[in-house]
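> Below is one structure. I have some questions about it.
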Amino acid sequence: MSVTNLKARPKAAADRISEDIYRAIIIRGKAIASNQLRHCAAPETVAETLGASVPLEFWLANKDELLARGGTTAVQIAADQSPVDLADDLDKIDCIVLPLVAGVDGRPYSHAYRLRTQLKYTGEIRATGDIKHDTLGFLQRVGVSAFELSEGQDLEAALYAFSDFSDVYQPSADDGQLIFARRRMSH
């Protein structure tokens with residue numbers, strides 16, 4: 001069989017926020033919290049919203065105006081974009097939003113990990129979109145600190161996801177103690 005006969009995995013749906021989103025309740029710090037952030041898909045919406053997240057391209061072109069208006073400063077990074085583009089601005093940004101699509105693209109996980117470990121970002125990293133119960137703990141391990149679940153998902157039930165796994169086998173951004181290290185100490 002020739003390599004040219006292999007088919008690539010189909011492309012996922014768009015990984016950018018395509019319409020304005022506002023959810024009144026989110027999970028932050030493993031607890032249900034109120035939300036003051038509105039995700040803006042179109043630049044004209046930003047003017048009327050103090051707590052707004054904007055697409056990366058809009059931030060790069062208008063950061064001085066966005067910072068001057070006050071309110072929460074948040075930037076959306078799509079899967080095919082790089083968090084390194086924000087390296088010089090991270091101290092000015094309150095929140096970075098990572099849209100997730102149908103669990104087929106792991107780049108937002110890598111973005112969160114890179115923001116925490118390599119770029120030393122200490123602000124809020126928020127996942128929004130297609131977040132499943134079994135991915136909440138993994139997202140938290142790579143550095144995500146807030147979650148906006150889709151309409152109809154039970155936030156109370158989602159809180160239990162953070163205690164699904166008590167032991168970790170791989171190092172990550174959360175600096176959890178690996179099970180192997182604990183076993184060595186006990187023997």
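> Since E148 meets every condition but one in (1) in contact with a Ser or Thr (Cβ under 8 Å, 6 or more places away or on another chain); (2) without any contact (Cβ under 8 Å) to a residue 40 or more places away in the chain; (3) within 20 Å of A24 (Cβ to Cβ), which condition does it not meet?
(2)
> Could you list, ordered by first residue, the pairs with Cβ atoms under 7 Å in which the first is in segment 115-126 and under 11 Å from C95 (Cα atoms) and the second is part of a strand (DSSP E or B) and among the charged types (D, E, K, R), at least 6 apart or interchain?
As it stands, the answer is R126/E148, since those pairs meet every condition given.
> For segment 17-48, what are the residues that are under 17 Å from the mean Cα position of the chain (by Cα) and polar (S, T, N, Q)?
Result: S18, N35, Q36.
Residues checked against (1) under 25 Å from A157 (Cα atoms); (2) β-branched (V, I, T); (3) modelled with pLDDT of 90 or more:
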residue: G71; (1), (2), (3): no, no, no
residue: A79; (1), (2), (3): no, no, yes
residue: A87; (1), (2), (3): no, no, yes
residue: L90; (1), (2), (3): no, no, yes
residue: I93; (1), (2), (3): no, yes, yes
residue: L115; (1), (2), (3): no, no, yes
residue: T122; (1), (2), (3): no, yes, yes
residue: S145; (1), (2), (3): yes, no, yes
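> Being surrounded by fewer than 15 Cβ atoms within 10 Å (Cβ to Cβ), modelled with pLDDT of 70 or more and not in a strand (DSSP E or B): is that true of E44 here?
Against the criterion (surrounded by fewer than 15 Cβ atoms within 10 Å (Cβ to Cβ), modelled with pLDDT of 70 or more and not in a strand (DSSP E or B)), E44 qualifies.
> For R141, are the conditions met, namely being modelled with pLDDT under 90, out of contact with any Cys (no Cβ under 9 Å at 6 or more places or on another chain), surrounded by 14 or more Cβ atoms within 10 Å (Cβ to Cβ) and part of a helix (DSSP H, G or I)?
Yes, satisfied.
> Here is a follow-up. Need the failing condition index for E57 against (1) outside any loop (DSSP other than H, G, I, E, B); (2) at pLDDT 95 or above, just the number.
(2)
> Also, quick follow-up: Taking the stated definitions as given, is A74 hydrophobic (A, V, I, L, M, F, W, C) and in a loop (DSSP other than H, G, I, E, B)?
No: the conditions fail for A74.
> Among the listed residues A14, A24, identify the single one that is modelled with pLDDT under 85 and touching a Ser or Thr at 6+ places or on another chain (Cβ under 7 Å).
A24
> Farther than 14 Å from I77 by Cα, surrounded by 16 or more Cβ atoms within 10 Å (Cβ to Cβ) and among the hydroxyl-bearing types (S, T, Y), is that true of T135?
Considered against the rule, which asks whether it is farther than 14 Å from I77 by Cα, surrounded by 16 or more Cβ atoms within 10 Å (Cβ to Cβ) and among the hydroxyl-bearing types (S, T, Y), T135 comes out as yes.
> Could you give every pair whose Cβ atoms fall below 7 Å, whose first residue belongs to segment 53-69 and is over 21 Å from I21 (Cβ atoms), and whose second residue is crowded, with 19+ Cβ neighbours inside 10 Å, counting only separations of at least 6 or pairs across chains?
So the pair list comes out as L67/T73.
> Just to be sure, is L115 aliphatic (A, V, I, L, M), surrounded by fewer than 23 Cβ atoms within 10 Å (Cβ to Cβ) and either closer than 24 Å to W59 by Cβ or in contact with a strand residue (DSSP E or B) (Cβ under 8 Å, 6 or more places away or on another chain) (or both)?
So L115 fails the test.
> Here is a follow-up. Which one is modelled with the lowest pLDDT, of the residues in segment 27-41 that are in a loop (DSSP other than H, G, I, E, B) and among the aliphatic types (A, V, I, L, M)?
The qualifying residue modelled with the lowest pLDDT is A41.
> Confirm whether I125 is touching a Phe, Trp or Tyr at 6+ places or on another chain (Cβ under 7 Å) and not in a helix (DSSP H, G or I).
Criteria not met by I125.
> Would you check which residues across segment 73-103 are in contact (Cβ under 8 Å) with a residue 60 or more places away in the chain, within 19 Å of E148 (Cβ to Cβ) and surrounded by fewer than 23 Cβ atoms within 10 Å (Cβ to Cβ) and list them?
A78, A79, V101, A102
The values are calculated or read from the model by the stated rules, or taken from the named source; none is laboratory data. All values derive from a computational prediction rather than experimental measurement. Don't worry about glycine lacking a Cβ; one is built from the backbone with ideal geometry, like all the others, and counts go over all protein chains shown.
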